[in-house]
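One structure is given below, encoded as structure tokens.
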Amino acid sequence: MAFSYKPLWKLMIEREIKKGELREFLSGATVAKMGKDEFVAMDVLDKICTHLNCRIEDIVEHVPDNK
């Protein structure tokens, strides 16, 4: 099972938000992990949703394994 943060990057482009804004309240390492579609904790996703005033499905999507 995998997740992608493509919806987050699209949302940020639409709202003209730079990754640096995420780094104001998240660590650079966390932003880098998200850039590689790696695991981040739910509290991180909560911080993003709160800061951007959006829903979880606006920032992450499930990408099923094709096995």
Can you confirm whether segment 31-38 contains a residue that is at pLDDT below 95 and touching a strand residue (DSSP E or B) at 6+ places or on another chain (Cβ under 7 Å)? yes
Residues being assigned to a helix (DSSP H, G or I) and of a type in the set (Phe, Trp, Tyr): count how many of those fall in segment 1-55. 1
Given the residues Glu16, Glu61, which is the only one that is of a type in the set (D, E, K, R), modelled with pLDDT of 95 or more and under 10 Å from the mean Cα position of the chain (by Cα)? Glu61
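Table: residues versus (1) open to solvent by less than 40 Å² (accessible area, probe 1.4 Å); (2) β-branched (Val, Ile, Thr).
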residue: Leu8; (1), (2): yes, no
residue: Lys18; (1), (2): no, no
residue: Leu22; (1), (2): yes, no
residue: Ala29; (1), (2): no, no
residue: Met34; (1), (2): yes, no
residue: Met42; (1), (2): no, no
residue: Ile48; (1), (2): yes, yes
residue: Asn53; (1), (2): no, no
residue: Val60; (1), (2): yes, yes
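The values are calculated or read from the model by the stated rules, or taken from the named source; none is laboratory data. Predicted, not measured: the structure shown is a model, and the values here were computed from it. Note that we place each Cβ from the backbone using ideal geometry, even for glycine, and neighbour counts take in every protein chain shown. When the accessible area is computed, the model is the full protein with side chains, heavy atoms only, and any ligands, DNA or RNA have been set aside. Shrake-Rupley method; radii C 1.70, N 1.55, O 1.52, S 1.80 Å.
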